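The values are calculated or read from the model by the stated rules, or taken from the named source; none is laboratory data. Here the structure is a predicted model, which is why all the values come from computation and not from measurement. Using ideal geometry, Cβ is built from the backbone for each residue, glycine included, and neighbour counts are taken over all protein chains shown.
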Amino acid sequence: MRPLVSIIIPHWNGIDVITECLESLQKTTYPNFEIIVVDNNSTDDSVNHIKRNFPNVIIFENRENEGYAGGCNRGSEIAKGEYLLFLNNDTIHESNWIEPLVQLLEKNSQIAAVQPKILNYYQRNIFDYAGGAGGLLDILIFPFARGRIFTEQEIDSNQYNTKKEIFWSSGTAFLVRKTLFEKTGKFNELFFAHMEEIDLCWRFHLLGFDVWSEPSSVVYHKNAVSLPMYSEKKYYLNHRNSLIMLLTNYSLPLSIYMLPIRWVLDIVAIIYALLQGDWRHIKGIAKAHAWIVIHPRILFRKRLEVKTVRKVKDKTILRKMYRGSIVFAHYILKKNTYSELIDKPRS
């Protein structure tokens, strides 16, 4: 008997979106899984539609929209699986996508989480913005991925088809050990959406475990269905949540050292947005920093929570990060691909 996998899908509105996802999952060849849809108080007829058309799907109905983080946490509380597979509702999947993920975790007990290769739904030869072939992080908490640096998305020509250790697995689709997910305290619901999976993976590293990418598993993602790509709220959550991680997941001396450098980069981002007339970006950054200033108690509590799981020092974590600034490498040195940054030149 293969281990039970609990597929947890947070959902808010979009009957067509969830229908296509669930229809795709019906073609999955893995023999032992359950599907849990956590409805975040949808205002359309999503719940009744799922009950009528997908009777085998377990539905958890939230009374309010708890976002990706809260929705996934609620789903994990009723999941029976040894493994939890967190999945966006705007995805479709190759039929054999679960087997490689499970096999990697079964083979290596040091791995806490693993993600598939994530390609764009509309242009299926291009790496998706949300995760590509595995997520990385620079020391100033700017994320990028194998296959995507900022808005530069590479064509998939099998250049990242080897399984590899990464820093974070995309919340679009990734498999985790339920025991470790609970041990780290689950997703931090303060994040609501965006970067909560990076924060979770950071805690896996603090516990002494690894995160990997398994590109023989393939998922296609529509991206930005729940929250528009260039919305003020998206800018706000991305900047705020990365600042939260900088101030709480590092040791205090390193947080204090890194913060002024990060301020400088955010000021540069504001100036650039001002020149572009991008007021949504400016407001998003300003609101993010304002939130940090007025919520010191919340940040202090999160630091205490992180301290309870920390078993390794920052120097170990830093070895798993990109030790430079991805902003400088991309915008000044014109490094547009992960291969140019990390991988050795191919002969």
List the pairs whose first member sits in segment 313-334 and is surrounded by 14 or more Cβ atoms within 10 Å (Cβ to Cβ), whose second member is among the hydroxyl-bearing types (Ser, Thr, Tyr), and whose Cβ atoms are under 7 Å apart, counting only residues at least 6 apart or on separate chains?
ASP314/TYR250; ASP314/SER251
If the requirement is being in the same structural domain as GLY135 (by TED's automatic domain parsing) and under 17 Å from LYS164 (Cα atoms), which of these qualifies: LEU87, LEU101?
LEU101
Of LYS117, LYS80, which residue is in contact (Cβ under 8 Å) with a residue 24 or more places away in the chain, on the phi < 0 side of the Ramachandran plot and part of a strand (DSSP E or B)?
LYS117
Pair list, Cβ < 7 Å and 6+ apart or interchain, from segment 38-55 residues that are assigned by TED's automatic domain parsing to the domain that holds ILE9 to residues that are surrounded by fewer than 12 Cβ atoms within 10 Å (Cβ to Cβ):
ASN41/ARG63; ASN41/GLU64
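Of everything in segment 150-168, what is closer than 17 Å to GLN123 by Cβ and of a type in the set (A, V, I, L, M)? Give them in sequence order.
Our first condition is that a residue be closer than 17 Å to GLN123 by Cβ; within segment 150-168, this holds for 151-160.
Within segment 150-168, ILE155 is the sole residue that qualifies.
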Selection from segment 313-347 of residues over 21 Å from the mean Cα position of the chain (by Cα), β-branched (Val, Ile, Thr) and at pLDDT below 95 yields ILE332
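Residues checked against (1) closer than 15 Å to LEU85 by Cα; (2) more than 16 Å from the chain's Cα centre (by Cα); (3) among the charged types (D, E, K, R); (4) surrounded by fewer than 18 Cβ atoms within 10 Å (Cβ to Cβ):
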residue	(1), (2), (3), (4)
LYS186	yes, no, yes, no
PHE192	no, no, no, no
ILE198	no, no, no, no
LEU207	no, yes, no, yes
VAL211	yes, no, no, no
SER217	yes, yes, no, no
Among the residues of segment 267-297 satisfying the criterion of being basic (Lys, Arg) and closer than 21 Å to MET245 by Cβ, which is surrounded by the fewest Cβ atoms within 10 Å (Cβ to Cβ)?
ARG297
Subset of segment 77-86 (residues that are farther than 16 Å from LEU105 by Cβ and either surrounded by 19 or more Cβ atoms within 10 Å (Cβ to Cβ) or among the acidic types (Asp, Glu) (or both)):
GLU77
So, in segment 274-327, how many residues would count as being touching a Leu at 6+ places or on another chain (Cβ under 9 Å), hydrophobic (A, V, I, L, M, F, W, C) and in a helix (DSSP H, G or I)?
12
Residues (without any contact (Cβ under 8 Å) to a residue 40 or more places away in the chain and out of contact with any strand residue (DSSP E or B) (no Cβ under 7 Å at 6 or more places or on another chain)) located in segment 57-77
ARG63, GLU64, GLU77
Conditions: (1) assigned to a helix (DSSP H, G or I); (2) out of contact with any Leu (no Cβ under 6 Å at 6 or more places or on another chain). SER255 meets all but one. Number of the miss?
(2)
Look through segment 151-199, keep the residues that are among the aliphatic types (A, V, I, L, M) and touching a residue at least 60 places away in the same chain (Cβ under 8 Å), and return whichever of them is farthest from ILE78 (Cα to Cα).
ILE198
Go through segment 153-224 and tell me which strands (runs of 3 or more DSSP E), entirely inside it, have 3 or more residues that are farther than 23 Å from PRO10 by Cα.
164-166, 210-221
